[in-house]
1. Across segment 27-49, what is the total count of residues that are over 17 Å from G15 (Cα atoms) and either β-branched (V, I, T) or surrounded by fewer than 18 Cβ atoms within 10 Å (Cβ to Cβ) (or both)?
2. Please go through segment 64-89 and give me each residue that is closer than 17 Å to T25 by Cα and touching a Lys or Arg at 6+ places or on another chain (Cβ under 7 Å), ordered by number.
3. Do we have any residue at all in segment 131-138 that's open to solvent by 20 Å² or more (accessible area, probe 1.4 Å), part of a helix (DSSP H, G or I) and closer than 30 Å to A86 by Cα?
4. Could you check S113 against (1) modelled with pLDDT under 95; (2) part of a helix (DSSP H, G or I); (3) polar (S, T, N, Q) and say which number it fails?
5. So the check is Cβ under 7 Å with 6+ separation or different chains; which pairs have a first residue in segment 64-91 that's farther than 9 Å from P8 by Cβ and a second one that's charged (D, E, K, R) and assigned to a helix (DSSP H, G or I)?
6. Take the residues in segment 17-26 that are of a type outside the set (S, T, Y) and open to solvent by 10 Å² or more (accessible area, probe 1.4 Å), then tell me which one is nearest to the chain's Cα centre (by Cα).
7. If you take the residues of segment 160-191 that are open to solvent by less than 20 Å² (accessible area, probe 1.4 Å) and touching a residue at least 60 places away in the same chain (Cβ under 8 Å), which of them is nearest to ligand 2 (Cβ to nearest atom)?
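The values are calculated or read from the model by the stated rules, or taken from the named source; none is laboratory data. Note that the structure is a prediction, hence the values are computed from the model and not measured. Every residue, glycine as well, gets a Cβ built from its backbone with ideal geometry; the counts of neighbours run over all protein chains shown. Please note that ligands, DNA and RNA were not included when accessible areas were found on the heavy atoms of the full protein model with its side chains. Shrake-Rupley method; radii C 1.70, N 1.55, O 1.52, S 1.80 Å.
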Amino acid sequence: MTSLPAHPKVILIVGVNGTGKTTSTAKLGHFFKTKRHRVLLAAADTFRAAAIEQLGIWAERIGVDMIRGQYNADPAALCYEAYQAADKRDIEFLLCDTAGRLHTKSNLMAELSKVKRSLAKNDPNAPHEILLVVDATTGSNALAQTKQFHEAIGLTGLIVTKLDGSGKGGVVVAIQDQLGIPTRFVGTGEKLEDFAEFDGRDFVANMI
Ligand SMILES: Nc1nc2c(ncn2[C@@H]2O[C@H](COP(=O)(O)OP(=O)(O)O)[C@@H](O)[C@H]2O)c(=O)[nH]1
Ligand SMILES: [Mg+2]
């Protein structure tokens, strides 16, 4: 029996600054790693040198490799390269952290669209998931952000962070009801373990 070679599943992590994208990328990487999956991270927030360093520290801590580019490098080219590296290394999940400059600026959406297109050149189904990270403490802002990102690039789910703070889970219900976008994961603190699947659906099983 022969089986087709498996290609990496790509998860694009998007959202505005400070919502917890980089932390959630690391948590998600850790989540997959503890389930014995092969993971690669891509530091596609190339606009802040500190963001590359931040993800690099997490990558080392969780024991996974990370593809990094030069400061100010084109994130679409970086994600393209990261895909090629992931495919070569038999990686199962490629997680791409991205920049989060103000979502009202259309250049961020244009940039994210370009990232999507460059991933799709490798695999028409990539990115397989586009997860928006929203901060639960921002309340109705999270709904507005979801609407904007969804219209611009299309979302498959949410990661709702800071539910340990004054965050209200109600926003999750509002987003599901009004936009039909499910919450896949929740963040409840700053540590790797402060992270859980949300809806009981087996995210991993459904992606493979
Ligand atoms: N309390 C709490 N803090 C979080 C959570 N997720 C992220 N943070 C913190 O939020 C801040 C911004 O996170 P970061 O990942 O850098 O956000 P990014 O700009 O979207 O990449 C950091 O201080 C994180 O430690 C969470 O679920 N709970
Ligand atoms: Mg970041």
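1. 8
2. Within segment 64-89, just V64 meets the criteria.
3. no
4. Every condition holds for S113 apart from (1).
5. Between residues of segment 64-91 that are farther than 9 Å from P8 by Cβ and residues that are charged (D, E, K, R) and assigned to a helix (DSSP H, G or I), the close pairs are V64/K33; I67/E81; P75/E111; A76/K114; Y80/K121.
6. Just the residues of segment 17-26 that are of a type outside the set (S, T, Y), to begin with: 17-18, 20-21, 26.
Of the ones still in play, those that are also open to solvent by 10 Å² or more (accessible area, probe 1.4 Å) are 17-18, 20-21.
Values: N17: 13, G18: 14, G20: 10, K21: 7 Å.
Checked segment 17-26; the qualifying residue nearest to the chain's Cα centre (by Cα) is K21.
7. Checked segment 160-191; the qualifying residue nearest to ligand 2 (Cβ to nearest atom) is T161.
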